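> Mind looking over this structure? Questions follow.
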Amino acid sequence: MSIFKTITVNPTITLVAYTANDVVGGLLTFTLPRHAAGGGILGNIRLNDADAENAAMKLFLFNAVPATTIADAAAFVITAADQALCFYEQAIAAADWATDTDGWVKYKPNVIFAADGAIYGYLVCVATPTYTAATDLSISLDVWIPE
């Protein structure tokens, strides 16, 4: 048997013009239920852009805390050791946002992950958005966790 859980993170973003390859919101932490320390299956990823910037981005997800901490609006540069922790990468094209009229984009990766009780991530700009509110973005992960 397994449980299904949706974990949502609202990155705190700055109201400046991001440049290509900037991290949006710093390190993201998706805290899993306590019995998910062995991992599970990542079923869906949903991103919401309340400001309708519809910017091209990439989402990187990690099994453990990357050693390289990158602040909001700083360049995304990670080490080879951090790259080894990355279990999923999703490109988000500007056109992906346009195909969904309610401001969400959704991906169905269905990948297995191992975790220490959390999934960590970085959202990285490919384009150059400027958000009008610090809460304009949210990212939700749907996970299935064996009991």
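All of the numbers you see were taken from the coordinates with simple rules; none came from a lab. Values in this document were obtained by computation on a predicted structure and should not be read as measured data. Counting neighbours? That spans all protein chains shown, and the Cβs are built from the backbone with ideal geometry, glycine included.
> Which order do Cys125, Cys86 fall in if you start with the one that has the fewest other Cβ atoms within 10 Å?
In order of increasing Cβ crowding within 10 Å: Cys86, Cys125.
> For the chain, with a Gaussian network of springs between Cα atoms less than 10 Å apart, report the residue from Leu85, Leu47, Leu61 with the top mean-square fluctuation.
Result: Leu85 has the largest fluctuation of those listed.
> Between Ala114 and Glu147, what length comes free when the chain is fully extended (0.36 nm per residue of separation minus the Cα-Cα distance, one decimal in nm)?
My answer for the length gained is 10.5 nm.
> About its Cα centre, how strong a charge dipole does the chain have in debye, to the nearest 20, once Lys and Arg get +1 and Asp and Glu get -1 at the Cβ?
For this selection, approximately 360 debye.
> Please report the net charge: other residues with Cβ closer than 15 Å to the Cβ of Pro109, K and R +1, D and E -1.
Local charge sum for Pro109: +1.
> Tell me, in nm to one decimal, what length is gained between Ser138 and Trp104 on full extension, where the rule is 0.36 nm per residue of separation less the Cα-Cα distance?
The span from Ser138 to Trp104 would gain 11.3 nm if fully extended.
> Follow-up question, since we're still on this one. Any idea what the relative contact order of segment 2-146 is, in percent, if you count C-alpha pairs under 8 Å spaced at least 6 apart?
51 percent
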